[in-house]
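Trainee: For reference, the structure I am asking about is given below.
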Amino acid sequence: MASAVSLLLLSSPRPLHRAAPSLLRPPTRLPLLTPRPRPRPRLLAAPPRANNDNSDAVGAADRLVAAAAYLYPFLDGAHHGRFVVAQYPFFNALLSPLAPAARLFHSSPLTPFLLFVTLYFAVVRNQQAFSRFVRFNAMQAVALDVLLIVPDLLAQSFAPSGAGIGLDIFMSAENTVFLFLLVCLLYGSGACLLGIVPRLPIVADAAERQVM
């Protein structure tokens, strides 16, 4: 019994438990997370403003050709202003510089048709020889002349034979057509001479589609 106890005391003590190997290792250092630089916000540049006045880009020759195109519908419909000229002599003095062009325009029955064909096929459809500025204004003049078919047919069909309310309505309609053509001539030609693209009512959208 004594020998067994002494043997137990002299034996090396056993560890009660083994430590986990992970606890005995030195702690690993985590890599330092360096903050990434934030991207700087980009300043958006303001969009360029649309420049409607392109007078510097239009040459003098293009301005003259485009302005002269509006003489065609006015001279073709000048007969609608016979009542205005008779009532107000001021219009006669205002339009006197156009007398040579009117005589040349009415020198032959084929002149209006030849001018129509020339403007449409030689100018509007000729992209190589003329700029878009010239072609657009020529197309507006052609479309305006086509619209004159309506008042011409109405004047021939419903022209009154005597005085009365019918004559008053007829004269008012004729004066309206003439003044509309005169305003289109002054506005269209004046804008073209300044290098600005005029947009006439009724015909501007149709001209835009033709010259695209």
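The values are calculated or read from the model by the stated rules, or taken from the named source; none is laboratory data. These figures come from a predicted structure and were not determined experimentally. As a convention, Cβ positions derive from the backbone with ideal geometry for all residues, glycine included, and neighbour counts pool all protein chains shown. Please note that ligands, DNA and RNA were not included when accessible areas were found on the heavy atoms of the full protein model with its side chains. Shrake-Rupley method; radii C 1.70, N 1.55, O 1.52, S 1.80 Å.
Trainee: Can you tell me which residue within the stretch 164-212, out of those that are open to solvent by 90 Å² or more (accessible area, probe 1.4 Å) and assigned to a loop (DSSP other than H, G, I, E, B), is farthest from A101 (Cα to Cα)?
Mentor: M212
Trainee: Got a number for residues in the stretch 107-143 being part of a loop (DSSP other than H, G, I, E, B) and free of Cβ contacts under 8 Å to residues at least 40 places away in the same chain?
Mentor: 9
Trainee: Collect the residues in the stretch 92-106 that are part of a helix (DSSP H, G or I) and free of Cβ contacts under 8 Å to residues at least 24 places away in the same chain, keeping them in residue-number order.
Mentor: If the condition is that a residue be part of a helix (DSSP H, G or I) and free of Cβ contacts under 8 Å to residues at least 24 places away in the same chain, then N92, A93, L94, S96, P97, A99, P100, R103, L104 are the ones that fit.
Trainee: Any residue that is open to solvent by less than 50 Å² (accessible area, probe 1.4 Å), in contact with a Pro (Cβ under 6 Å, 6 or more places away or on another chain) and either farther than 19 Å from F116 by Cα or not charged (D, E, K, R) (or both) - is there at least one of those in the stretch 133-146?
Mentor: There is at least one residue in the stretch 133-146 that is open to solvent by less than 50 Å² (accessible area, probe 1.4 Å), in contact with a Pro (Cβ under 6 Å, 6 or more places away or on another chain) and either farther than 19 Å from F116 by Cα or not charged (D, E, K, R) (or both).
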